[in-house]
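Working notes, beginning with the structure itself.
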Amino acid sequence: MILRNDCSIILNFLVYVSNVYKNYYEYSDEPKVFPFLYLEKNTLLSMDVFIDEISKHWGNYIHSLHDRIVDNEVLTMDINFINKPNSFNYQTLFKNNIEGKETFDQILKSFKAWWFSPYNGYRIGDQLSGDVIPMVWEGIKNKLLTKYSTLPNYNFVLFAIYDNVPFSLQSKGSNFIIEPLSNLDLKYKDESEQSKSIGCLVDKFTQKLFSE
């Protein structure tokens, strides 16, 4: 059994764009979620249309995860997105006009600058999710051994995103879960809270196996 962490660039980018829309439509008086970007209305879709679009893109990515985890190709998809972002058609998250296309390019540039900066983005996500991996792995192992005589040959991935899963979209599958950093940062929690948080993550990973 293998459990590893992953800070998916694609998932975090989709959260990033979702937060841009939330700030504009839900917190227009005072942006409340990162990134704090101000955009022109003629570049943005209506909120209903945007939710439809982000749901399609999120769903397409999630649909591919099971096989990609088995084949260890999750990183390949992220690399392809960085090298050829237009091939993913995420431009549909903005209006189909010159301004919308320019805004997509600006937001992608902004995201990459933050994500790959020394003290933000990937570095923080990787550290916090990596810190909980040993404890979650131990919890999964102990729980599975109550049902199986030996650990199943199974790959699990904990995907870390910097903020909440947008619009209650799918956050787990048979071999992965997607968690915001707020659920993974145990530094300021007491022992009881830490145990509860780890137990919750273990339950999410093993729920499907125990229902079979």
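The values are calculated or read from the model by the stated rules, or taken from the named source; none is laboratory data. Treat the numbers as computed from the prediction; the structure is a model and nothing was measured. In this analysis, Cβ positions are derived from the backbone assuming ideal geometry, glycine residues included, and neighbour counts consider all displayed protein chains. These accessible areas exclude ligands, DNA and RNA; they are computed on the full protein's heavy atoms, side chains included. Shrake-Rupley method; radii C 1.70, N 1.55, O 1.52, S 1.80 Å.
Here are some notes:
- Dimensionless Rg over Rh [region 1-67; C-alpha; Kirkwood]: 1.07
- Fluctuation leader among V20, V33, V136 - the chain, Gaussian network, Cα springs under 10 angstrom: V33
- If a spin label sat at a point 7 angstrom from the Cα of I198 along the line to its beta carbon, the backbone N atoms of region 142-176 nearer than 15 Å would be those of 142-144.
- Two-decimal log10 I(q)/I(0) for region 72-156, as the Debye equation yields it once each C-alpha is a single scatterer, q = 0.12 Å⁻¹: -0.61
- Computed over protein heavy atoms with a 1.4 Å probe, the accessible surface of the chain works out to 54 Å² per residue.
- Note on N80 and N96: the extension gain reaches 3.5 nm, defined as 0.36 nm multiplied by sequence separation minus the Cα-Cα distance.
- The orientation-averaged projection of the convex hull spanning the C-alpha atoms of region 111-171 amounts to 5.9 square nanometres.
- Radius of gyration over Kirkwood radius for region 8-127, both on Cα atoms: the Rg/Rh ratio is 0.96.
- Over all pairs of different C-alpha atoms, region 90-212 has a mean inverse distance whose reciprocal, the Kirkwood radius, equals 16.8 Å.
- Size descriptor, Kirkwood hydrodynamic radius, that averages inverse alpha-carbon separations across the chain, Å: 18.4
- Sites excluded, trypsin sites (Lys or Arg not before Pro) in DSSP loops with at most 15 other C-beta within 10 Å, longest stretch of the chain: 33-146
- Cβ-Cβ distance of D52 and N142, R₀ of 30 Å, FRET efficiency by 1/(1 + (r/R0)^6): the value works out to about 0.10.
- The charge dipole of the chain, taken about the Cα centre with unit charges on the Cβ atoms of Lys, Arg (+1) and Asp, Glu (-1), comes to about 360 debye, rounded to the nearest 20.
- The portion of the accessible surface of the chain made up by carbon and sulfur, rounded to a whole percent, is 50 (1.4 Å probe; DNA, RNA and ligands excluded).
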